[in-house]
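Peer 1: Dropping a structure here in structure tokens format, bear with me for questions.
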Amino acid sequence: MRISTITEDLAEAGRAFYSRGWALGTSGNFSAVISREPLRLAITSTGLDKGTLTPTQFLEIDGRSDVVHGEGRPSAEALLHIAVVRVLGAGAVLHTHSVWSTVLSGSYAEEGGIVLEGYEMLKGLDGVRTHKHREWLPILENSQDMTELAEKVSATLRETPGIHGFLLREHGLYTWGATLQEAKRHVEILEFLMEVLVRSGAAARR
């Protein structure tokens, strides 16, 4: 796939997430793999309004998060995207920052994660065939040391195979997919289920 097509699709996804309230106030960052060898990612430049995101606002970075092409700088969280791509072989990584993920990642931080079980929407996650599936959404402590946090993300992904996302405490959701469309679907499903938990009061009754 051409880089221009990748960045157009990422920009469209970012604008859609903004419209749903999942990436307000410059929050969120989105990436997709351009090449594996050498590793190259298209990723949002930092500090952007995602409601007006355009393809020209994406950078091409290497496996150390250094900019190869583009104007601006990537978020420090680019290292987390790289960690997911390296460990899981993901084709796209999406980070949203909704009210629901912020509330739940704070409320459930002491438990280390959130269980999502019994919902029909779970069947939209890659490899899930039944609503009886038990999805574990780990919660990691947020940190300004992104090198250390990327190592923790890598360890979590290796220790809990089969998960489809994780939360940073009071910060938001990271999810991924083999393709951008799959990653986008995972965002929609996980954000929907987190909203259900908060709106239904299930989070408060735990």
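Where a number appears in this text, it was derived from the coordinates with a stated rule and is not lab data. Small disclaimer: the values here were computed from a predicted structure and weren't measured. Positions of Cβ are backbone-derived with ideal geometry, glycine not excepted, and every protein chain shown enters the neighbour counts.
Peer 1: Could you tally the net charge around Val153, taking each other residue with its Cβ under 15 Å from the Cβ of Val153, Lys/Arg +1 and Asp/Glu -1? Don't skip to the answer; put the middle values down first.
Peer 2: Values: positive: Arg86, Lys152, Arg158, Arg169; negative: Glu77, Glu141, Asp145, Glu148, Glu151, Glu159.
With Lys, Arg at +1 and Asp, Glu at -1, the neighbours total -2.
Peer 1: Continuing with this model, one more query. State, in angstrom, two size descriptors of region 72-121 derived from its alpha carbons: Rg to one decimal place and Dmax to the nearest whole number.
Peer 2: For region 72-121, the Cα radius of gyration and maximum Cα-Cα distance read 14.2, 44 Å.
Peer 1: When ranked by the protection proxy of mean other Cβ atoms within 10 Å per residue, highest first, what sequence do the peptides 146-159, 8-21 form?
Peer 2: Ranked by mean Cβ neighbours within 10 Å, highest first: 8-21, 146-159.
Peer 1: Counting Lys and Arg as +1 and Asp and Glu as -1, what is the net charge of the other residues whose Cβ lies under 15 Å from the Cβ of Val128?
Peer 2: -1
Peer 1: Further, regarding this structure: Within 12 Å, Cβ to Cβ, of Gly172, how many net charges do the neighbouring residues add up to if Lys/Arg are +1 and Asp/Glu are -1?
Peer 2: For residues surrounding Gly172, the net value is -2.
Peer 1: How would you rank 53-63, 118-128, 102-112, highest first, on the average number of other Cβ atoms within 10 Å across their residues?
Peer 2: Per-residue mean Cβ counts within 10 Å order the peptides as 53-63, 102-112, 118-128.
Peer 1: Picking from Ala92, Gly28, Leu116, whose Cα lies most toward the positive end of the charge dipole for the chain (charges on Cβ: Lys, Arg +1; Asp, Glu -1)?
Peer 2: It is Leu116.
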